[in-house]
Amino acid sequence: MSRIGKKPVEIPAGVTVNVAEGNIITVTGPMGTLTKTMHPDMLINVEGNVLTVGRPDEEHLHKSLHGLTRTLIANMIEGVSKGYSKELDVNGVGFRVEMKGKQLVMRLGFSHEVIMDEIEGIKVECPTPNKIIVKGIDKQVVGQFAAEVRAKRPPEPYKGKGIKYTTEVIRRKVGKTGGKK
């Protein structure tokens, strides 16, 4: 039995979960609404403020979907109640970021500015010229946008210049030593 899949999901106060035909799940909370279609074979039950996920048999596909389904639903519930955020740091001489309306404008040492539009479902903040905060209710969308921002100038191992997650640790390398003449 899946260890994660059999754990019940607590539904906090102020959050409603509706399971429609075809396993279409709608989660509504104080921060917004999320809808996702789960695999039709999964057995999703809501009793009071507890949600449980079951599987019809011990088939390999159903075993692999069991924990996944439970985790996706738990992430939706946490997203509409608390929300998700990712913090990125910008390191480098002359590297700066700022918000201009709904656009994230980044100066990353290129001959041009890198501009990214804020997508639906997320909010981008730049409290300082070298910090980016991506917030939203959908964990996947927040993580994907943060990864796309980081990919514009990933951190390099010699000086650590680039965009990195705040919690990320960059493995540094030793540079040239000079050698014999």
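Some notes on this structure:
- From the alpha carbon centroid of segment 4-80 to that of segment 142-181 is 38 Å.
- Of L65, L34, V174, farthest towards positive along the dipole that unit charges on Lys, Arg, Asp, Glu beta carbons give the chain: V174
- 3J(HN,Hα) along segment 73-82, derived from phi through the Karplus expression 6.51 cos²θ - 1.76 cosθ + 1.60 where θ = phi - 60°, amounts to 5, 4, 5, 5, 5, 5, x, 7, 9, 10 Hz, with x in place of Gly and Pro.
- Cα point-scatterer Debye curve for the chain, base-10 log of I(q)/I(0) at q = 0.09, 0.14, 0.16, 0.19 Å⁻¹: -0.47, -0.85, -0.95, -1.12
- The string of couplings for segment 164-175 from the Karplus curve (6.51, -1.76, 1.60, θ = phi - 60°) is 9, 5, 4, 8, 6, 10, 8, 7, 8, 10, 7, x Hz, one whole number per residue in order, with x for Gly and Pro.
- Per residue accessible area in Å² of segment 20-94, where ligands, DNA and RNA are left out and the probe is 1.4 Å: 52
- Candidate lysines for bridging to K135, where Cα separation is under 25 Å - those fewer than 8 sequence places away on the same chain excluded: K36, K82, K86, K100, K102, K123, K152, K161, K164
- Axis angle, to the nearest 10 degrees, between helix 139-151 and the longest C-alpha principal axis of the chain: 20 degrees.
- Looking at segment 134-171, the chymotrypsin sites (Phe, Trp or Tyr not before Pro) that sit in a DSSP loop and have at most 15 other Cβ atoms within 10 Å of their own Cβ are Y158.
- Positive-pole candidate from I163, F145, P127, dipole of segment 108-178, charges at beta carbon: I163
- Rounded FRET efficiency, nearest 0.05, which uses the C-beta distance separating I133 from E156 and R0 of 30 Å: 0.85
The values are calculated or read from the model by the stated rules, or taken from the named source; none is laboratory data. Treat the numbers as computed from the prediction; the structure is a model and nothing was measured. Note: ideal-geometry Cβ built from the backbone for every residue, glycine included; neighbour counts use all protein chains shown. Please note that ligands, DNA and RNA were not included when accessible areas were found on the heavy atoms of the full protein model with its side chains. Shrake-Rupley method; radii C 1.70, N 1.55, O 1.52, S 1.80 Å.
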